[in-house]
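Report on one structure; see the data block that follows.
Readers should treat all values here as calculations from the given coordinates under stated rules, not as data from a laboratory. This one's a predicted model, so the numbers in the text were calculated from it and none came from an experiment. For neighbour counting, all protein chains shown are included, and Cβ atoms are generated from backbone atoms with ideal geometry for every residue, glycine included.
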Ligand SMILES: C[S@@+](CC[C@H](N)C(=O)[O-])C[C@H]1O[C@@H](n2cnc3c(N)ncnc32)[C@H](O)[C@@H]1O
């Protein structure tokens, strides 16, 4: 269990780390109708052409890391994740997977600020489903990108995704229903979110709440908490990545490689650590 004051827990916030990890996969699958939110083919494709070891930062329960390992035949995949609860769910996913696949994948404790990866060891370092948005200031973001570059081989690839800020949604919102799904043993689970915008800091404070009812509609759990994430504008991200020493920066509006449009969707960035790829 995460304890208050624990360094890794501090990186994510106690409320988020402990509460989210227990419900992450069930919420995710209820919201997106399965483990894929349209991002897996993108990460599979860059992994298949990586040609060396792969690391995901903020790997959560291993949703993407296992798909990536499947696409990158023979390559080792490390999922770096600060939350003990998330890593436990990742390990449960590994235990349920084909052992030929899970033998190449592991979950390790770490953060964007400090990833347990040797210098210049990875062909691909990526972050999926907005984990990067847990970095709450430009200084933290820059340090995270520099850490990703440190772990990459010369010529290696970095890929990160964020949400593309939609001006129409950057306002406070009262709690709204995000998902309702069946509870094991009967009844329902409802997930509600609210948001508060801290415009000067480019932060969204997300309030979350689960109301769990048994088959007779009695409330058997009512849990809530909050976390903050930072929104970043497209060319702000391009500048940050350049400051962190990356080159060949490409920015997309979605996982299919389409350009940014007037209707914001995803912000998907791919760049290279400068330097030649070592000969195979
Ligand atoms: C929305 S989840 C995404 C998980 C996974 N990448 C996926 O696509 O399903 C965000 C993850 O980022 C992790 N996280 C939060 N702060 C972090 C930090 N400072 N460094 C690394 N990971 C962090 C959280 O614990 C959580 O597992």
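General remarks:
- Packing-based order for 269-275, 96-102, using average beta carbon neighbours within 10 Å, highest first: 269-275, 96-102
- Entry note, segment 201-247: relative contact order of 37 percent, from Cα contacts under 8 Å with a spacing of 6+ residues.
- Highest mean first, the peptides 62-75, 171-184, 103-116 sorted by other C-beta atoms within 10 Å per residue fall in the order 62-75, 103-116, 171-184.
- Comparing 190, 236, 56 in a Gaussian network model of the chain where C-alpha atoms under 10 Å apart are linked, the largest mean-square fluctuation is found at 236.
- A Cα-only calculation for the chain places Rg and Dmax at 18.7, 65 Å.
- Beta bridges from DSSP with both residues in the chain: antiparallel share about 70 percent, rounded to the nearest 5.
- The residues 232, 157, when put in order of fewest to most other Cβ atoms within 10 Å, stand as 232, 157.
- Rounded to the nearest 500, the helix-only mean residue ellipticity at 222 nm of the chain stands at -8000 deg cm²/dmol, with each DSSP H run of n ≥ 4 adding -39,500 (n - 2.57).
- Between the C-alpha center of segment 101-141 and that of segment 49-93 there is a gap of 10 Å.
- Percent RCO, i.e. relative contact order, over the chain, from Cα pairs under 8 Å lying at least 6 residues apart: 16 percent
- Computed log₁₀ I(q)/I(0) - Debye formula, equal Cα scatterers, no solvent, segment 90-236, q 0.21 Å⁻¹: -1.22
- One way to sum up the overall shape of segment 171-230 is the equivalent ellipsoid from its Cα gyration tensor, whose semi-axes run 29, 9, 8 Å, largest first.
- Stokes-Einstein D (µm²/s) once Rh is taken as the Kirkwood radius of segment 47-156 over alpha-carbon pairs, at 4 °C in 1.567 mPa s: 94 µm²/s
- Highest-fluctuation residue, 213, 153, 230 considered, GNM on the chain with Cα pairs under 10 Å: 213
- Taking other Cβ atoms within 10 Å as a rough exposure proxy, 142, 152 sort from fewest to most as 142, 152.
- The ranking of 148, 86, 20 by Cβ neighbour count inside 10 Å, starting from the fewest, reads 20, 86, 148.
- Label-to-label distance, residue 190 versus residue 219, with points set 7 angstrom from Cα along the beta-carbon direction: 1.0 nm.
- Between residue 170 and residue 98, the FRET efficiency from the beta-carbon distance, with R0 = 51 Å, is close to 0.75.
- The value obtained for segment 149-280, namely the Cα convex hull volume divided by the number of residues, is 177 Å³ per residue.
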